[in-house]
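The structure appears below as structure tokens.
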Amino acid sequence: MTHTTILAIESSCDDTSVAILKDRKLLSNIVSSQWNHKDLGGVIPELASRKHLEQIDVVMEAALAKANISLEEVSAIAVTAGPGLLGSLLVGVSYAKGLALRQSIPLIQVNHMHAHILAHFIDEPYPAFPFICLTVSGGHTQIVRLESPFEMELIGQTRDDAAGEAFDKIGKMLGLEYPSGAIIDRLAQEGKPRFDFPIADIPNLDFSFSGLKTAVKYFLRAEVKKDADFIQKNKADICASVQDVIVKTLMQKLILAAERENIKEIGIAGGVSANSGLRKALEETAQLRGWKAYIPQISYTTDNAAMIAISAFFKFQNSDFSDLDLKPFTRGF
Ligand code: KG4
Ligand code: ZN
């Protein structure tokens, strides 16, 4: 029997990751995160691409060693082609081309946003089609309808900031480290959502989070004028209130999408799908509405190459290969 072994590379933002998947079984998924961005308050593109260059060799060797696979056994090289930071993507794409050329094996390009969704097909139980997925990350907020791993329709998205971006920008106002989503999540669990922030009134399945950001900014400014220690004294409650309104906004649109499309197979994906409030809200809503909910394990929520590998596995089965003149792209679904 011939095996299908995929070596997948993810370098679209600030995580360098390589995964090995053999016959749909994940053998390794090594992620090296660039913690140096923490002190800088955000990802610095130039720095991110340089770090990818430094780390990619080590990460690949670690992934092969953990999987106990040699390069000679690999059937195809998969790589994130976009969307993401151009410099970061270029490192992964060039590296992948080099490997494919050297080994004389196919190159498979993967769309990062598609891959976040297809992470649900790494471990059983797999969603049944049609399937609706809410993808919430630092750069995107999308509702997608899937008929198969290849047929995806974008049915809703943010008009401005992404949900993760809202967490990160509000975190900055509260003096929290970047990225702030997980910190707000942790603090929220110690607080009560007693401050009222607005849910944007946007038609259809679209989102907007920039109004929330502005509302929190003016609220904090007014309160700090009255009491300079307001943020310090009320941090947990502010976090709980911010998380509450973001989760409510996301769930409102997800419910609307499920009703409109008459679909009960519902999932969440992307960095913000690690949020405990969102995970709990999805579980509760699923029980109430008879949905089958798909909540990814935490290691598949943030950027990882396992999701690139499973996406490429489906493409490999269709012989959907890319040319060696593949160019990375910064935007697009
Ligand atoms: O998918 P991802 O790793 O990278 C992008 O492709 O953007 O998502 C990163 C985003 C960041 O905005 C981060 O603050 C957010 O995910 N995030 C969270 C949590 N963990 C990560 N947001 C809310 N709650 C969390 N527990
Ligand atoms: Zn991502």
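No value in this document is a laboratory result; all are computed from the given coordinates. All values reported here derive from a predicted model rather than from experimental measurement. Backbone-built Cβ (ideal geometry, glycine too); neighbour counts: all protein chains shown.
Overview of values
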item	result
Relative contact order of the stretch 1-97, pairs being alpha-carbon contacts under 8 Å that are 6 or more residues apart, as %	38
For the chain, calculated [θ]222 nm from helices alone, where every DSSP H run of n ≥ 4 adds -39500 (n - 2.57)	-14000 deg cm²/dmol
Placed amide H near ILE108: partners under 5 Å, 5+ positions off or other chain	ILE77, ALA78, VAL79, SER322
Extension gain from ASP23 to THR285, taking 0.36 nm per residue of separation minus the Cα-Cα distance	90.9 nm
Pairs beyond 23 Å (Cα-Cα), from LYS51/LYS97; LYS22/LYS264; LYS248/LYS280; LYS192/LYS217	LYS22/LYS264
Estimated Rh, the chain: Kirkwood, alpha-carbon pairs, angstrom	20.5
Under the Karplus curve 6.51 cos²θ - 1.76 cosθ + 1.60, θ = phi - 60°, whole-Hz ³J(HN,Hα) for the stretch 230-241, x wherever Gly or Pro sits	3, 5, 4, 6, 10, 4, 5, 5, 5, 4, 4, 5
For the stretch 170-289, size of Cβ-based charge dipole, Lys and Arg +1, Asp and Glu -1, in debye	260
Of every Cα-Cα pair in the stretch 24-113, the percent that sits beyond 24 Å	22
Residue (of ASN204, TYR300, ASN29) at the positive-pole extreme of the chain, dipole from beta-carbon charges	ASN204
Globularity index of the stretch 146-206, i.e. its alpha-carbon radius of gyration over 2.2 N^0.38 Å	1.48
Loop-located GluC sites (Glu not before Pro) in the stretch 140-175 whose Cβ has at most 13 other Cβ within 10 Å (DSSP)	GLU147, GLU151
Cα-centred dipole magnitude for the chain, charges only on beta-carbon of K, R (+1) and D, E (-1), debye, nearest 20	620
FRET E, pair ASP323, TYR218, Förster distance 45 Å, beta-carbon r, rounded to 0.05	0.30
Per-pair calculated FRET efficiency, R0 = 25 Å: PHE150 and HIS3 via Cβ, rounded to 0.05	0.65
Folded to 0 to 90 degrees: helix 306-317 orientation relative to the chain principal axis, Cα	50
Computed lengthening from ASP201 to LYS225, 0.36 nm per intervening residue step minus Cα-Cα distance	5.7 nm
In range of the label at LEU256: residues from the stretch 141-159 whose backbone nitrogen is under 11 Å from the point 7 Å along Cα→Cβ	156-157
